[in-house]
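First the structure, in the form of structure tokens, and then the observations on it.
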Amino acid sequence: MAKPLDEKVEPIFQSVLARNPGETEFHQATREVLESISPVLVKHPAFTHHKIIERICEPERQIIFRVPWTDDQGTVQINRGFRVEFNSALGPYKGGLRFHPSVYLGIIKFLGFEQIFKNALTGMPIGGGKGGSDFDPKGKSDEEVMRFCQSFMTELYRHIGEHTDVPAGDIGVGGREIGYMFGQYKRITNRWEAGVLTGKGLDWGGSLVRTEATGYGATFFVEEMLKVRGDSFEGKTCVVSGSGNVAIYTIEKIAELGGKTVACSDSNGYIYDEKGIDLETVQRLKEIERRRIKDYCEIHKHAKYVANGNIWEIPCQVAMPSATQNEINGKDAKMLVQNGCIAVGEGANMPTTPEGVKIFLDAQIAYGPGKAANAGGVATSALEMQQNACRDSWDFEYTEERLRKIMRSIHNLCYETAMEYGSPGNYVDGANIAGFIRVAKAMVAFGVV
Ligand code: NDP
């Protein structure tokens with residue numbers, strides 16, 4: 001059962017449901033924030049007067065466009081592109097692009113909404129937005145991906161800019177896709193505008209540590225949660241779902257901090273390697289050869305592949321969901337807790353259903369919600385923008401240290417805010433309240449806009 005909403009907030013949520021029919025992921029994301037923020041309205045009555053919640057739940061701008069392209073057989077294909085510019089109170093819209101067949105407006109809106117609070121938590125001057133397409137890069141040739149990206153940017157370019165809206169990667173969008181889109185943006189606008197996209201290649205304006213940032217950052221966040229409990233990663237068995245960008249660098253940092261990841265996955269199944277996942281193999285299979293995770297077992301014969309398996313059935317002390325939304329349901333959460341899981345750090349966005357979240361909170365394990373735990377990616381994107389703005393590039397150690405400090409400060413902000421607002425140890429309330437207050441104060445300052 002979800003937490004009941006406060007009587008002031010319930011009608012606002014009903015209005016969100018009525019105005020955004022069928023967008024279940026967006027409903028889930030807004031409800032979670034609304035459940036946390038009632039105590040804020042008591043301390044800050046001005047937020048009610050200025051209708052901040054109603055305004056924050058309505059995107060500033062939603063763009064939907066046709067993306068026609070030609071496949072290798074010469075057949076014309078049509079996809080749909082999205083960019084939701086949700087909130088620019090704290091800076092230019094900032095958030096990734098997702099290319100996945102499941103993408104529709106409700107997914108982009110949930111991601112854009114989460115992004116507002118996540119970006120606020122970083123303390124950096126970035127607003128919230130998100131975009132993407134129902135295009136599936138899997139199984140496409142490089143040329144097909146290039147033609148799609150060029151067509152996508154041919155519409156998107158008019159809506160973005162370093163002071164307006166700065167997209168980056170997400171599921172299905174990595175260095176290759178960012179490269180094709182940057183090339184097309186440069187060609188159309190005749191501007192070498194580094195700050196228009198982040199996640200760029202290191203030779204042309206990218207930042208060291210951006211590729212690693214979300215996974216490293218999520219692991220640093222869990223390290224901080226464990227520290228509060230007098231514990232660490234040392235000797236811990238970990239499970240990380242997914243095997244993409246976030247998962248790979250989570251596995252790497254866990255190993256550096258003394259933990260051992262025994263399982264990871266893709267959308268077809270999971271692999272289990274009791275000796276610890278060999279990261280080099282996963283990186284080669286996924287980042288270079290674009291193969292499936294089951295091929296890991298061809299190289300490591302002792303490892304086990306479970307097709308369509310549920311990775312959360314593997315006993316672990318630390319779970320780091322790093323694939324997609326709602327990948328841990330109530331049953332999975334119960335299983336994790338019963339099997340001895342003491343910490344969950346969300347590399348993915350909203351990977352746990354509301355039932356699952358409640359189980360983690362009731363069990364009082366260390367639970368770091370995505371909007372706090374995975375903020376290292378966007379924070380390092382903001383560091384990339386800083387380097388672009390001053391035509392500079394920092395070394396790996398310095399940039400990683402900045403990331404580590406940012407994650408520590410996000411952790412402490414969530415921890416202290418939860419305490420201040422009467423839910424000690426609850427990072428969900430801490431993140432929602434702290435992020436909301438920062439955005440709300442700016443919105444009040446700007447008047448009714
Ligand atoms: P990638 O595309 O690099 O990897 C995604 C991984 O998750 C793949 O292993 C993929 O498997 C798996 N996956 C995707 N969709 C599903 C699904 N429906 N069911 C099961 N598995 C699935 O994406 P990222 O690593 O960049 O993103 C992972 C998560 O992290 C997302 O929730 C994203 O929003 C979040 N995130 C990413 C950030 C970033 O900087 N990249 C920043 C903050 C959050 P398969 O290959 O089979 O599809």
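The values are calculated or read from the model by the stated rules, or taken from the named source; none is laboratory data. Since the model is a prediction, treat every value here as computed from it, not as a measurement. Reconstructed Cβ throughout: ideal geometry from the backbone, glycine too, with neighbour counts over all protein chains shown. Ligands, DNA and RNA are stripped out before the accessible areas are found, and what is left, the full protein with its side chains, is counted by its heavy atoms. Shrake-Rupley method; radii C 1.70, N 1.55, O 1.52, S 1.80 Å.
For the reader, a short list of remarks on this structure follows.
- Förster-model FRET efficiency, 22 Å R0, residue 268 and residue 75, C-beta, rounded to 0.05: 0.25
- Over the stretch 61-192, the Kirkwood radius and the radius of gyration, each from Cα atoms, give a ratio Rg/Rh of 0.97.
- The stretch 213-364, accessible area per residue, ligands and nucleic acids excluded (1.4 Å, Å²): 40
- Subset of 227/301; 304/358; 371/405 violating a 25 Å alpha-carbon distance limit: 227/301; 304/358
- Rounded if a/c under 1.5, otherwise prolate or oblate - the stretch 339-449, Cα gyration tensor axes: oblate
- Pairwise label distance in nanometres, residue 362 with residue 289, each label 7 Å out on the Cα-Cβ vector: 4.5
- This model, with +1 at the C-beta of Lys and Arg and -1 at the C-beta of Asp and Glu, gives the stretch 138-195 a dipole about its Cα centre of some 160 debye.
- Unit charges on C-beta of K, R, D, E only; dipole of the stretch 213-364, Debye: 220
- Taking trypsin sites (Lys or Arg not before Pro) across the stretch 251-318, the ones in a DSSP loop with at most 10 further Cβ atoms lying within 10 angstrom of their Cβ are 275, 301.
- Cα-centre dipole for the chain with unit charges at Cβ (Lys and Arg positive, Asp and Glu negative), debye to 20: 640
- Helix-only [θ]222 nm of the chain, DSSP H runs n ≥ 4, -39500 (n - 2.57) each, per residue, nearest 500: -14500 deg cm²/dmol
- The chain - percent of accessible surface contributed by carbon and sulfur, probe 1.4 Å: 50
- The phi-based Karplus calculation (6.51 cos²θ - 1.76 cosθ + 1.60; θ = phi - 60°) puts the 3J(HN,Hα) values of the stretch 393-398 at 9, 9, 7, 4, 4, 5 Hz, whole numbers, x for Gly and Pro.
- Loop GluC sites (Glu not before Pro), the stretch 259-301 (other Cβ atoms within 10 Å of the site Cβ: 16 or fewer; DSSP): 274, 289
- The fraction of Cα-Cα pairs per 10 angstrom bin, counted from 0 for the stretch 268-380, comes to 13, 40, 34, 12, 0 percent, rounded to whole percents.
- Per the Debye calculation on the chain with a single equal scatterer at every Cα and no solvent contribution, log₁₀ I(q)/I(0) for q = 0.13 Å⁻¹ amounts to -1.19.
- Choice from 178, 116, 410 with maximal GNM fluctuation in the chain (Cα, 10 Å cutoff): 178
- Computed from the Cα positions only, the extents of the stretch 111-175 along the three principal axes stand at 40, 24, 18 Å, in decreasing order.
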